[in-house]
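What follows is a set of notes on a single structure, which appears directly below.
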Amino acid sequence: MRLGHRPTRDKRITTHVCLVARAFGASAVHIAGARDESLQLSITKVTETWGGPFSVEFIPNPIRFVKEWKSKGGQLAHLTMYGAQLRDALNHIEQERDLLIVVGGEKVPAFYYDAADINVAVGSQPHSEVAALALFLDRMTGGNWESKAFTDAKLKIIPSERGKTVKQLPFKKKDI
Ligand code: SAM
């Protein structure tokens with residue numbers, strides 16, 4: 001969940017939060033703040049081309065969303081430079097429970113610090129929500145995001161040390 005999105009100032013950084021979330025193993029991003037159709041469209045296009053499943057939705061009431069998430073048994077990790085050290089925090093996360101990772105923008109309301117099962121610092125220095133999310137997902141998945149399979153992709157990159165090798169994948173019935 002990305003808090004406090006402002007289309008004029010945050011478009012690029014929120015887009016990068018979504019791209020990192022998708023690439024490194026999250027199934028969705030819930031954006032709180034001003035609705036931004038162009039951001040949603042650009043991420044939908046990426047998912048249509050490179051595969052999913054992945055969705056982006058805007059949530060009008062993030063506090064209610066968090067309360068409902070927790071009442072359904074989900075856990076919440078809030079990324080903040082003031083939190084517990086990453087290596088210790090990971091031990092508190094239960095792999096079998098749904099996890100909502102919260103990243104902020106401007107000042108994060110106290111509600112999220114209190115509602116979090118764990119406040120996690122990716123180093124105790126200020127940097128960026130994009131970097132914090134990437135490192136957190138890498139550590140949390142033990143690096144397994146690297147072998148994540150994406151479904152319904154149109155294109156797939158074949159890793160190569162030089163050049164660009166991109167494979168066009170066959171159309172599925174639903175594309176017609
Ligand atoms: N004062 C903020 C904080 O509490 O981390 C830094 C603001 S930063 C511009 C925006 C977001 O980046 C924060 O809300 C947090 O989610 C993330 N962030 C920045 N540095 C971080 C760090 N060292 N550890 C975890 N998250 C961080």
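The values are calculated or read from the model by the stated rules, or taken from the named source; none is laboratory data. Worth saying up front: this structure is predicted, and the values here are computed from it rather than measured. Note that each Cβ is placed from the backbone with ideal geometry, even for glycine, and that neighbours are counted across all protein chains shown.
Residue-wise test of (1) exposed (fewer than 12 other Cβ atoms within 10 Å of the Cβ); (2) of a type in the set (Val, Ile, Thr).
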| position | (1), (2) |
| --- | --- |
| 80 | no, yes |
| 92 | no, no |
| 96 | yes, no |
| 104 | no, no |
| 108 | no, yes |
| 117 | no, no |
| 121 | no, no |
| 126 | yes, no |
| 131 | no, no |
How many residues are within 6 Å of the ligand (Cβ to nearest atom) and touching a helix residue (DSSP H, G or I) at 6+ places or on another chain (Cβ under 9 Å) if we restrict to the range 121-131? 5
Of residues in the range 128-157 being among the polar types (S, T, N, Q) and part of a loop (DSSP other than H, G, I, E, B), the one modelled with the highest pLDDT: 128
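Using the structure shown, decide if residue 48 is more than 9 Å from the ligand (Cβ to nearest atom) and modelled with pLDDT of 95 or more.
Details: more than 9 Å from the ligand (Cβ to nearest atom): yes; modelled with pLDDT of 95 or more: yes.
It is true that residue 48 is more than 9 Å from the ligand (Cβ to nearest atom) and modelled with pLDDT of 95 or more.
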Of (1) without any contact (Cβ under 8 Å) to a residue 60 or more places away in the chain; (2) away from the ligand (no atom under 16 Å from the Cβ); (3) among the acidic types (Asp, Glu), residue 152 satisfies every one except (1)
Do we find that residue 164 is within 16 Å of the ligand (Cβ to nearest atom), free of Cβ contacts under 8 Å to residues at least 12 places away in the same chain, farther than 17 Å from residue 29 by Cβ and not acidic (Asp, Glu) in this structure? no
Test of understanding: among 64, 87, which residue is in a helix (DSSP H, G or I), basic (Lys, Arg), surrounded by fewer than 18 Cβ atoms within 10 Å (Cβ to Cβ) and within 16 Å of the ligand (Cβ to nearest atom)? 87
Among the numbered criteria (1) surrounded by 10 or more Cβ atoms within 10 Å (Cβ to Cβ); (2) in contact (Cβ under 8 Å) with a residue 12 or more places away in the chain; (3) more than 15 Å from the ligand (Cβ to nearest atom), which single criterion is violated by residue 157? (2)
Between a residue in the range 105-127 that is assigned to a helix (DSSP H, G or I) and any residue that is more than 8 Å from the ligand (Cβ to nearest atom) and of a type in the set (S, T, N, Q), which pairs come within a Cβ distance under 7 Å, given they are 6 or more apart or on different chains? 113/119
Identify the residue in the range 27-52 that is in contact with a Cys (Cβ under 9 Å, 6 or more places away or on another chain) and not polar (S, T, N, Q) and, among all such residues, is surrounded by the fewest Cβ atoms within 10 Å (Cβ to Cβ). 46
When you look at residue 45, is it over 18 Å from residue 155 (Cβ atoms) and among the basic types (Lys, Arg), yes or no? no
For residues in the range 3-26 being of a type outside the set (Ser, Thr, Tyr) and without any contact (Cβ under 8 Å) to a residue 12 or more places away in the chain, which is surrounded by the fewest Cβ atoms within 10 Å (Cβ to Cβ)? 12
